[in-house]
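Asks: Please find one structure pasted underneath; my questions will follow.
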Amino acid sequence: MPAVIEQIEATSVRPMQRIFSFPAMLASLLVPLSVLTVSQRFDDPDMWWHLKMGEIITTTHRIPTTDIFSYTTGHHAYTAHEWLSQVFIYSAYRLGGYSGLMIWLCVLTSAVFVAGYGLCWLYSENAKVAFVGALTIWLFSTIGLAVRPQMVGYLLLIVELLLIHMGRTRNPRWFLGLPPLFALWVNCHGSFFLGLLVAGVFLVSSFFGFKSGLLASECWPLRTRQIFAFTLLLSSVALFLNPIGVKLVLNPVETMLHLPINLSKIDEWKPLDLSDDRGIIFLGILGCIFLLLIVRQSQIFCHELLLLFFGIWLAASHSRMLFPFGILIAPILSRLLSKSWDGYNARQDRPWPNAVLMAASIFIASLAFPNRQNLISQVEQQSPVKAVEFIKSHNLTGRILNEYAFGGYQIWAAPQYPVFVDGRGDIFEQTGVLGDFGRWAMLQSPPQELLDKYGIDLCLMSKNSPVTFVLPLLPGWKSVYSDNNSVIFARSPPIGLPKTKTAVSESVDR
């Protein structure tokens, strides 16, 4: 009888141990961490034009091929290279407004961290150390957590690494998930090109088997390598399963090779500053890895070393690339630390305490989620909400020269007023507008020159912009509105350019 009771108890406990396991509890802790991290990151300047583009694609069932938001580019050809992510973003807004967008951000952030934890666990085979890997991803992801398509792209990067790891260590059939992954990825974000390079690193490394000092390489079985190479070929073909064509596939290359102003002047594309907090953490993580290699005489595999150097180059060249750097480096760090703690033992697990902590995680996440009023307040603090309302309520007419960071909100909140410039830096650099604006904003050219060249009637600028101290000194210009974060200057008398229906409203009407 006691044996029967023990068997019944064991049978009843086993499902609980699976659902409320220690690794599941650790993964659940990443959810409130995600919400707490992004709860005050709602108003990214680029969120707004992504949102408007998603609205246009959803309502018209067409992807714009020319610029429809600005008057300065002359309807220049434009590649909507993130169109599917923009549709996802707008769908979240349509379902829940600002709260829907924040849910989208919290879900994507949590998915990145939890999937990263799973990757580190599988790679290191240590559930406890994998949590350190997830925190590493969290540390470096803070550079780019926002309602932007890159969230989808970097989640797919983690999925790619999971598929490759499962394919080379368990069953090559896992590689068959790569072609549909890239077919989705190419329509969501330009980081698919990074995914191709990462896959190429694994393919090259798969041909070599050696051990030299601390460096080693495992030669894959011929069949495994053949399946992997075949799926990469299919993945390359799958990139062309998009409604835009070859322009979408080549867009990342065009960005890296032909946009020097964007890569050198836009903050997120500038090289990493090693003296700030993230730079110090970056150096600290690298120091930890090399210290583990030297002190413990740990081996590093060829593909790991190549990915390590690739990630270092990306992050050092462009600070925004700290996000993928964290994703690439976390599994390596986890494996090197895998023997620092005892591994997870399911038989010693305690499901009820785990369940309590998981419930607490959900409760904390719900408390940390910002309410609608908080989201509205964040928007008002960062965007020219009241200034745009002033322009619309007073029926101000003419061409507006807007702050670079204000263009996105203007596109969303006042599409009847075409922008001068916005976060789509590629198209504005290609047309010379970004160079003109940069020199004007930094007072490197005569202020009146640009205003006359583009026939500007109104300037919507940040309160702290250098030109706000110069515009009142120019003949015919005066401040007509000011608040905590923005100021409007008007030309008197105005040039009087006709106020016409914009391409945005025409596209929506169609």
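The values are calculated or read from the model by the stated rules, or taken from the named source; none is laboratory data. Keep in mind that this is a model prediction, so the values were computed, not measured. Here Cβ is always computed from backbone atoms with ideal geometry, including for glycine, and neighbour counts include all displayed protein chains.
Asks: How many residues are basic (Lys, Arg) and under 26 Å from the mean Cα position of the chain (by Cα) when one looks only at the stretch 374-431?
Replies: Of the residues in that region, 1 qualify.
Asks: Taking the stretch 470-510 only, how many residues are closer than 22 Å to residue 385 by Cα and at pLDDT 50 or above?
Replies: Total meeting the criteria: 15.
Asks: Something else: Looking at (1) closer than 28 Å to residue 409 by Cα; (2) buried (at least 19 other Cβ atoms within 10 Å of the Cβ), which is the one condition that is false for residue 94?
Replies: (2)
Asks: Here's something else I'd like to know. Select from the stretch 331-373 the residues that are under 27 Å from the mean Cα position of the chain (by Cα) and among the basic types (Lys, Arg) and write down the one among them that is nearest to residue 285 (Cα to Cα).
Replies: 335
Asks: Next up: Can you name the residue in the stretch 82-91 that is assigned to a helix (DSSP H, G or I) and either of a type in the set (Phe, Trp, Tyr) or in contact (Cβ under 8 Å) with a residue 60 or more places away in the chain (or both) and, of all such residues, is surrounded by the fewest Cβ atoms within 10 Å (Cβ to Cβ)?
Replies: Residue satisfying both the conditions and the ranking: 88.
Asks: Can I ask one more? Just checking, which of 286, 272 is part of a helix (DSSP H, G or I), of a type outside the set (Val, Ile, Thr), surrounded by 12 or more Cβ atoms within 10 Å (Cβ to Cβ) and assigned by TED's automatic domain parsing to the domain that holds residue 205?
Replies: Just one listed residue meets the conditions, 286.
Asks: Criterion first (assigned to a helix (DSSP H, G or I), among the aliphatic types (A, V, I, L, M), without any contact (Cβ under 8 Å) to a residue 60 or more places away in the chain and touching a helix residue (DSSP H, G or I) at 6+ places or on another chain (Cβ under 8 Å)) does residue 139 satisfy it?
Replies: no
Asks: I want to confirm something. Restricting to the stretch 27-81 and keeping residues that are among the β-branched types (Val, Ile, Thr) and outside any helix (DSSP H, G or I), which single residue is nearest to residue 130 (Cα to Cα)?
Replies: So, considering only residues that are among the β-branched types (Val, Ile, Thr) and outside any helix (DSSP H, G or I), the one nearest to residue 130 (Cα to Cα) is 79.
Asks: Answer with yes or no whether residue 323 is at pLDDT 95 or above and more than 22 Å from the chain's Cα centre (by Cα).
Replies: no
Asks: Have a look at 230, 202, 192, 208 and point out the one that is under 30 Å from residue 299 (Cα atoms) and in contact with a Cys (Cβ under 7 Å, 6 or more places away or on another chain).
Replies: 208
Asks: Among the hydrophobic types (A, V, I, L, M, F, W, C) and surrounded by fewer than 22 Cβ atoms within 10 Å (Cβ to Cβ): which single residue out of 122, 105, 178 fits that description?
Replies: 122
Asks: Give me the helices (runs of 4 or more DSSP H) completely within the stretch 191-267, filtered to those with at least 2 residues that are modelled with pLDDT under 95 and either surrounded by fewer than 16 Cβ atoms within 10 Å (Cβ to Cβ) or within 31 Å of the chain's Cα centre (by Cα) (or both), ordered by residue number.
Replies: 246-258, 260-265
Asks: Which condition breaks for residue 375 when tested against (1) at pLDDT 95 or above; (2) on the phi > 0 side of the Ramachandran plot?
Replies: (2)
Asks: Another question about this same structure. Just to be sure before I move on: is residue 71 assigned by TED's automatic domain parsing to the domain that holds residue 146 and touching a residue at least 12 places away in the same chain (Cβ under 8 Å) in the structure I sent?
Replies: For residue 71, the condition - assigned by TED's automatic domain parsing to the domain that holds residue 146 and touching a residue at least 12 places away in the same chain (Cβ under 8 Å) - is not met.
Asks: Starting from residues that are farther than 30 Å from residue 124 by Cα and acidic (Asp, Glu), keep the ones in the stretch 341-400 and report whichever is surrounded by the most Cβ atoms within 10 Å (Cβ to Cβ).
Replies: Only one residue fits best here, namely 380.
Asks: Still on this model: What are the pairs, 6+ residues apart or on separate chains, where a residue within the stretch 314-329 that is in the same structural domain as residue 155 (by TED's automatic domain parsing) has its Cβ under 8 Å from a residue that is of a type in the set (Lys, Arg) and modelled with pLDDT under 95?
Replies: 318/270; 319/270; 319/278; 322/278
Asks: Which of (1) part of a loop (DSSP other than H, G, I, E, B); (2) among the hydrophobic types (A, V, I, L, M, F, W, C); (3) touching a Ser or Thr at 6+ places or on another chain (Cβ under 9 Å); (4) farther than 29 Å from residue 229 by Cα does residue 188 not meet, given it meets every other one?
Replies: For residue 188, the failing item is (4).
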